[in-house]
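Dumping the structure here so I can ask a few things about it.
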Amino acid sequence: MRFCRLTKEDKALIETALEMIKKNRIETKSISASVGAALIAGSGKVYAATNIKNYGSAPTSIDAEVAAIACMFASGERKIKTIVAVHMPDRQSDAWHIFQPCGACRHVIMQFGNPWVIISKTKKVRLSDLYPMPVKPR
C-alpha cells in the first residue's frame, strides 16, 4: 500500500467535512448525524454532506460519503479526485477522527474513479489500495 502525505488541499477538505458535521450534528430518538464527508470532484468543485442514521429503519440510513457523492452526481459530475469522512462521536466535544469508508461506500466510490481516500489526519491512499479486487459489472 502506497501512503502519501496530505496536501494543503487535503487538509482544507478535512476542514470542510468537519464544518459540515459541526453545523448539522444531531442526536434524537429516531435519527442521528455524526459523520461529515467532503469530496473534490474532477472539476475541482467541493461537495459535502452528512450521514443520516435512521434508527427506525436501518435500510433507509445513508452514509456521509454516499450523500456527498449524490450531491456531486446531481450536479452532473462523474469523477471524484479526493474524498474524506470525519466522525464526531460526542456533541459535547470537538474531538474527531477520520473514518475510512466501509465496503459498501468503497464500492460506490469506485464507480467514480480511483480517487485519493484520506485515511488519517496525515495520510491518504488510492481507493484501489483499500479496495483491491472489487466486483465489477460485466
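The values are calculated or read from the model by the stated rules, or taken from the named source; none is laboratory data. None of these values were measured; they are calculated from a predicted model. Positions of Cβ are generated from backbone atoms using ideal geometry, with glycine treated the same way; all protein chains shown enter the neighbour counts.
Within segment 78-127, restricting attention to residues that are among the polar types (S, T, N, Q), surrounded by fewer than 17 Cβ atoms within 10 Å (Cβ to Cβ) and more than 15 Å from ASP63 (Cβ to Cβ), which residue is modelled with the lowest pLDDT?
Kept after step one, since they are among the polar types (S, T, N, Q), are these residues of segment 78-127: 82, 92-93, 100, 111, 114, 120, 122.
Among the residues that remain, those that are also surrounded by fewer than 17 Cβ atoms within 10 Å (Cβ to Cβ) are: 92-93, 100, 111, 114, 120, 122.
Those still in the list that are more than 15 Å from ASP63 (Cβ to Cβ) too: 92-93, 114, 120, 122.
Values: GLN92: 80, SER93: 85, ASN114: 96, SER120: 98, THR122: 98.
By that ranking, first place goes to GLN92.
Determine if segment 6-19 includes at least one residue that is without any contact (Cβ under 8 Å) to a residue 12 or more places away in the chain and of a type in the set (Lys, Arg).
Yes, segment 6-19 contains at least one residue that is without any contact (Cβ under 8 Å) to a residue 12 or more places away in the chain and of a type in the set (Lys, Arg).
Could you please let me know if MET1 is among the hydrophobic types (A, V, I, L, M, F, W, C) and either modelled with pLDDT under 95 or in a strand (DSSP E or B) (or both)? Explain how you work it out, then say what you get.
Working: among the hydrophobic types (A, V, I, L, M, F, W, C): yes; either modelled with pLDDT under 95 or in a strand (DSSP E or B) (or both): yes.
Judged against the criteria, MET1 is a match.
Just the residues that are over 15 Å from LEU18 (Cβ atoms), in contact (Cβ under 8 Å) with a residue 24 or more places away in the chain and part of a loop (DSSP other than H, G, I, E, B), please, taken from segment 72-107.
SER75, GLU77, ARG78, LYS79, GLN100, PRO101, CYS102
Which residues, counting only those in segment 12-57, are closer than 14 Å to ILE83 by Cβ and aromatic (Phe, Trp, Tyr)?
TYR47
So which residues in segment 22-71 are among the polar types (S, T, N, Q) and part of a loop (DSSP other than H, G, I, E, B), if there are any at all?
Residues satisfying the conditions are THR28, SER30, SER34, SER43, ASN51, SER57, SER61.
Still on this model: Out of segment 52-71, which residues are touching a residue at least 24 places away in the same chain (Cβ under 8 Å) and of a type outside the set (D, E, K, R)?
Scanning segment 52-71 gives ASN54, TYR55, GLY56, ALA64, VAL66, ALA67, ALA68, ILE69, CYS71.
Can you pull out every residue in segment 20-46 that is surrounded by fewer than 23 Cβ atoms within 10 Å (Cβ to Cβ), out of contact with any Ser or Thr (no Cβ under 7 Å at 6 or more places or on another chain) and either within 22 Å of ARG126 (Cβ to Cβ) or without any contact (Cβ under 8 Å) to a residue 24 or more places away in the chain (or both)?
Answer for segment 20-46, where residues must be surrounded by fewer than 23 Cβ atoms within 10 Å (Cβ to Cβ), out of contact with any Ser or Thr (no Cβ under 7 Å at 6 or more places or on another chain) and either within 22 Å of ARG126 (Cβ to Cβ) or without any contact (Cβ under 8 Å) to a residue 24 or more places away in the chain (or both): LYS23, THR28, SER32, GLY42, SER43, GLY44, LYS45.
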